[in-house]
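Accompanying notes for the structure given below.
All of the numbers you see were taken from the coordinates with simple rules; none came from a lab. This is a predicted model, so every value here is computed, not measured. Every residue, glycine as well, gets a Cβ built from its backbone with ideal geometry; the counts of neighbours run over all protein chains shown.
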Amino acid sequence: MGCGHELRSYRSPDEVSQVASAFVNFDLTPELSELQQSVRRLAQDKIKPRAREIDTTGAYPQDIFDAFRDADLLGLCLPTELGGSGAGILGLTIAIEEVAKYSNTAALMLLLTRLPTGPILIAGNDDQKQRYLPGIATGDMRCAFGLSEPQAGSDVAGMRTRAVPDDRPGHEGDWILTGTKCWMSGVVQADWYTVFAKTGDPSSRAHDSITGFIVERSWDGVSVGSTDRKMGVRGVDTGELLLDQVHVPAENVIGEVGGFRLAMLGLNAMRPIVAARGIGLAEGALMYATEYVKQREAFGQTIADFQGIQWEIAKVAVDIEAARLLTYRSAWMADQGRFTKEYVPLLSMAKYHATEVAVRASGLAVQLLGAAGYMEDHPTELWYRDARQLTIVEGTSQVQLGLIGRGVLNHDLWWD
């Protein structure tokens, strides 16, 4: 008997509602709802007043990091046995959404608790997890993720960072890493890095030619190169990681040698987290612009009284809610381990749609404020600059569209 037939057989609306709730529940659990409210208060009290100063100075906001630590937000995605709170990717997604309403720099700080730790959570051994992850939850350690290179951004297989076996006696299984990683968020502040390098033929584009490593900042040959002068998301340094004949012991290989698939699994699981940065930014921008047009008078009425303005606000509001549904579903999927190839189209939809909505919402906010929106007197121009980063990092919008398109062609996403 089909689900629709079962629902139609119930006589009262209450009975129908009870059955529907058994299939889909759109309400947050009490624990996640409490997390949302507590992070919302923190964002309003601690982050909102600092957002402009962080953007203007570009200085790392240690006070925000301390606030996250004191609120136990640095281990949201880590399991309790590793010192985290076990809120998972969905919990981190909800927290980042609240923070990103005011500062995508602060949101990036939370994101960096999961991006570099993801490969270790997925494929690391118990020793690696115990050595490197509890310190992230307590705030005693920070980490960063090294995948991109100057000639290998979206084309990850084109990386040139090389890992060769250490052939010295007594170093069986150890590796020597040499190369340069770029555009690494948090590179200056990190204590350790998740780095991917070619362990096979340097010219090979085969996935089994790339391997993940844990590299400590204090090791010989590890240094930070130039830092980038960024259009937005200032305050968390982005720049180069230089690796010069760095000795990496065998116990710091993540998973198996030739585990490039691990990098993709890690990024797949990150899609809802990046999407949350977009949703939060879009919400913050639209709320601010809406309050402005309700107060701004023109032609004998407020700007908000014009139907054309109402329609533009409505369209972005619809986009935000659609992005939220896509994102929360993808976070729920990722927490269940559903971030392998067959789930990629749904995960990529969340990242693509939410970050593009951030661009549209911030653009509309600038437009609704007119000349004022272009000035630093209002945060709209800050959101506008920050939004552009989101459609580029961790897979551009075009890469996401390609993944979605291939998913449909391969019937990973299909409707019958």
Rounded to 5, the percent of DSSP beta bridges in the chain classed as antiparallel: 85 percent
Mean Cα-pair separation over length for segment 261-409, i.e. relative contact order, pairs under 8 Å, 6 or more apart, %: 34 percent
Test item: Cα-centred dipole of segment 30-136, Lys/Arg +1 and Asp/Glu -1 on Cβ, debye: 280 debye
Counted charge near Tyr132, where neighbours are those whose Cβ lies closer than 15 Å (Asp, Glu -1; Lys, Arg +1): -2
Relative packing of 348-357, 205-214, which averages over residues the other C-beta atoms within 10 Å, highest first: 348-357, 205-214
Debye log10 I(q)/I(0) at q = 0.06, 0.10, 0.12 Å⁻¹ for the chain, Cα point scatterers: -0.26, -0.71, -0.99
Ordering of 90-99, 182-191 by packing [mean C-beta count within 10 Å, highest first]: 90-99, 182-191
Contact order normalised by residue count of the chain, Cα under 8 Å, 6+ apart, percent: 15 percent
Ordering of 337-344, 264-271 by packing [mean C-beta count within 10 Å, highest first]: 264-271, 337-344
Nearest-ten-degree value, helix 260-295 long axis tilted from longest Cα axis of the chain: 30 degrees
Spatial separation of Cα centroids for segment 78-105 and segment 321-381, in angstrom: 17 Å
Positive-pole candidate from Leu243, Thr93, Ala371, dipole of the chain, charges at beta carbon: Ala371
Cross-link partners of Lys351 among aspartates and glutamates (Cα-Cα below 20 Å; sequence separation of 8 or more within a chain): Glu97, Glu98, Asp155, Glu283, Asp319, Glu321, Asp335, Glu342, Asp386, Glu394, Asp412
Angstrom value of the Kirkwood radius, inverse mean 1/r, which spans all Cα pairs in segment 204-307: 18.8 Å
Average silhouette area of segment 258-339, convex hull of alpha-carbon atoms, in square nanometres: 6.3 nm²
Net charge, Val408 excluded, C-beta distance under 15 Å - Lys, Arg +1, Asp, Glu -1: -1
Residue-averaged 222 nm ellipticity for the chain, from DSSP H runs of 4+ at -39500 (n - 2.57), nearest 500: -15500 deg cm²/dmol
Options Gly170, Leu133, Ala106, ranked by Cα towards positive dipole end of segment 76-171, top entry (Cβ charges): Ala106
Sequence of Thr178, Thr57 once ranked by neighbouring C-beta atoms within 10 Å, starting from the fewest: Thr57, Thr178
Square roots of five times the Cα gyration tensor eigenvalues for segment 293-368, Å: 36, 10, 8
Histogram of C-alpha separations across segment 30-136, 10 Å bin width, %: 15, 47, 29, 9, 0
Whole-angstrom Cα spans of segment 157-233 along principal axes, big to small: 45, 29, 15
Descending semi-axes in Å of segment 261-409, equivalent ellipsoid built from Cα gyration tensor: 34, 14, 11
Charge dipole (debye, nearest 20) of the chain; +1 at Cβ of Lys and Arg, -1 at Cβ of Asp and Glu: 820 debye
Ratio Rg/Rh [Cα only; Rh per Kirkwood] for segment 205-254: 1.07
Segment 171-285: relative contact order in percent, alpha carbon pairs under 8 Å with at least 6 residues between: 35 percent
For segment 160-166, Karplus couplings with θ = phi - 60° (6.51, -1.76, 1.60), whole Hz, Gly/Pro x: 10, 4, 10, 10, 10, x, 7
